[in-house]
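The values are calculated or read from the model by the stated rules, or taken from the named source; none is laboratory data. None of the values given here were measured: they were computed from a predicted structure. Quick reminder, even Gly has a Cβ in these numbers, built from the backbone with ideal geometry, and neighbours come from all protein chains shown.
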Amino acid sequence: MILEFLRAENLFIKTKEFNVKDFCWMLKDEIFWKKTIEILKQRNYYFAEIWSFGIFHNDISIIRELMSMNKQISTELGRFFDSSIITTDKGDYIHLEYDPLINTRAHKLGKNPRIANIEFKNSYRAFLELLCEKGSLDISDQLCFVQYLAYQDRISEAKEIFGTIPLHPSTEKPGSSYLQIQYDYFCCYFDPEMLPIISALYENYPIESWRKLFNEAAKFSRETQDQDISILDPQEKEPTLMFSIEKDYISLQYKWVKACKIRFYRVDLEILFSKNPFFIGNSQHFKYVKPYFDIEINLQDDGEAKIKIPELLIGQNIVIEIDYGVYTVSKSHFSANLKFNLIERYGIIKIMNENLAPIAGAYIKVFVKQKIGDIKFYKDGYTDIKGKFDYVSLNVNKISEAERFAILVVDEELGSLVLEANPPPQ
């Protein structure tokens, strides 16, 4: 009678006459239980109470079905669990890349590293949880781990793990084996000596995205070797001018600039700095103050020029402002042996020594004056191997809020300087 009822009735309609638990005691009879299972399978019904008797009757196939339908068991076992009875699902984890991921702080707060970017923090946590559930890490896991550590500027740890990966860099032709391309790209990142060798192999690689990455790496290598100060499109004739104050004269280095106007303002530097560090080097505060002295200079070709400082200003605390058309640069008179190239259009600063060699590892701290008037910490970091630092870019777009940037540059051997910059045009 029960079996006939199971064959004919709609079991999902709640009635007082039918409840699976009412006849579960009969399922101890293996023959009756198997007939019940057969009928329910034919009608695409599933009741966990009935399937659970597969354990009582030691029916492995039914136990597998019972385990696979129990999401709680799969969750408790975790991903990557594999046995003769149950194999859990690998889950829906997706490895995410961040290009670029910019860390606003170069130094950690407290003893442990912190991830400020919430989206990346969640991705990194999900990745670590995935690794914890695996019995061992394969090459793909190791490369992803290296990538996520590099995102956090934990380069030493990333290189240590990278050194354990059982692959070798390509030397004669582009990589064709599993994950060889990714491995080669990390080789370029960690080993500057291998960079030109490996990147040359991918110069004409058929996959555009990878070809572009390796070509950019090759360009980086050439710029480093040639000390090229160009950024982005080298054909753009963007006017640039930098200057330094050396004893009793101003030394100009310029490109695509034909003329400039130099204004001298005498200031009490110590008082200004103690009242408002953002004031230092900000010639905008002198717009309605007559310069102590000003001169106009015609420049010939691209190169250098030296301008004599007026005698009355030698040895004084001064702010010098140079207007060369579209842009204006200003600097306080500090006893520093640093030179810089500031390209406001792209938010890039390059720090160099007296011989125009790039200074890698110079510390840079940036504050922003917002349009609403607030002055806040913006970011800090160190110049790269080319002496360059992107003082504008963040993962969160805050450029629209910025009115002006104050930039502090510190080098342990060559001294310090303070300058300011306008935000890039939007």
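For the reader, a short list of remarks on this structure follows.
Let's see how each residue does on (1) under 21 Å from Leu252 (Cβ atoms); (2) basic (Lys, Arg); (3) under 22 Å from the mean Cα position of the chain (by Cα):
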| residue | (1), (2), (3) |
| --- | --- |
| Asn353 | yes, no, no |
| Leu356 | yes, no, no |
| Lys379 | no, yes, yes |
| Gly387 | yes, no, yes |
| Asn395 | no, no, yes |
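- Of all the numbered requirements in (1) on the phi < 0 side of the Ramachandran plot; (2) in contact with a helix residue (DSSP H, G or I) (Cβ under 7 Å, 6 or more places away or on another chain); (3) not in a helix (DSSP H, G or I), Gly54 misses one, and that requirement is (3).
- Pairs with Cβ under 8 Å, 6+ apart, first in the range 13-26 and outside any loop (DSSP other than H, G, I, E, B) and among the β-branched types (Val, Ile, Thr), second surrounded by 10 or more Cβ atoms within 10 Å (Cβ to Cβ) and at pLDDT 75 or above: Val20/Phe47; Val20/Glu49; Val20/Ile50
- Qualifying residue in the range 183-191 (condition: part of a helix (DSSP H, G or I), at pLDDT 90 or above, over 22 Å from the mean Cα position of the chain (by Cα) and of a type outside the set (Phe, Trp, Tyr)): no
- Checking every residue in the range 8-21 against the condition of being farther than 21 Å from Gly135 by Cα, of a type in the set (Ser, Thr, Tyr) and outside the structural domain of Leu131 (by TED's automatic domain parsing) gives at least one match.
- Residue match in the range 80-87 (condition: touching a residue at least 12 places away in the same chain (Cβ under 8 Å), surrounded by 14 or more Cβ atoms within 10 Å (Cβ to Cβ) and of a type outside the set (A, V, I, L, M, F, W, C)): no
- Tally, over the range 347-374, of residues that are in a strand (DSSP E or B) and within 16 Å of Val418 (Cα to Cα): 12
- Complete set of residues in the range 350-397 that are of a type in the set (Lys, Arg) and surrounded by fewer than 16 Cβ atoms within 10 Å (Cβ to Cβ): Lys371, Lys376
- Residue satisfying all of: in the range 67-91; of a type in the set (Gly, Ala, Ser) and part of a loop (DSSP other than H, G, I, E, B); farthest from Cys132 (Cα to Cα) among these: Ser84
- Within the range 28-51, if we keep just the residues that are at pLDDT below 90 and either more than 60 Å from the chain's Cα centre (by Cα) or in a loop (DSSP other than H, G, I, E, B) (or both), the residue that is surrounded by the fewest Cβ atoms within 10 Å (Cβ to Cβ) turns out to be Asn44.
Let's see how each residue does on (1) crowded, with 18+ Cβ neighbours inside 10 Å; (2) at pLDDT below 90; (3) under 28 Å from the mean Cα position of the chain (by Cα):
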site	(1), (2), (3)
Glu203	no, no, yes
Ser209	no, no, yes
Lys212	no, no, yes
Gln225	no, yes, yes
Glu236	no, yes, yes
Asp248	no, yes, no
Ile262	yes, no, no
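- Qualifying residue in the range 318-329 (condition: loosely packed, with under 15 Cβ neighbours inside 10 Å, over 26 Å from His107 (Cα atoms) and among the polar types (S, T, N, Q)): no
- Ala106 satisfies every condition listed in (1) touching a residue at least 24 places away in the same chain (Cβ under 8 Å); (2) out of contact with any Gly (no Cβ under 7 Å at 6 or more places or on another chain); (3) under 30 Å from Arg222 (Cβ atoms) except (2).
- If the condition is being surrounded by 13 or more Cβ atoms within 10 Å (Cβ to Cβ) and either among the aliphatic types (A, V, I, L, M) or assigned by TED's automatic domain parsing to the domain that holds Lys212 (or both), then the range 93-102 contributes Leu96, Leu101, Ile102.
- The listed residue being in the same structural domain as Cys24 (by TED's automatic domain parsing) and either in a loop (DSSP other than H, G, I, E, B) or not hydrophobic (A, V, I, L, M, F, W, C) (or both), out of Arg105, Arg64: Arg64
- Residue within the range 313-327 that is under 21 Å from Gln225 (Cα atoms), more than 29 Å from the chain's Cα centre (by Cα) and either not assigned by TED's automatic domain parsing to the domain that holds Glu193 or not in a loop (DSSP other than H, G, I, E, B) (or both) present: no
- From Arg64, Arg114, residue being closer than 23 Å to Asn397 by Cα and of a type in the set (D, E, K, R): Arg114
- For the range 120-160, the tally of residues that are exposed (fewer than 13 other Cβ atoms within 10 Å of the Cβ), charged (D, E, K, R) and more than 29 Å from Gly361 (Cβ to Cβ) stands at 2.
- The set of residues in the range 278-290 that are at pLDDT 60 or above and either among the hydrophobic types (A, V, I, L, M, F, W, C) or assigned to a helix (DSSP H, G or I) (or both) comprises Phe278, Phe279, Val289.
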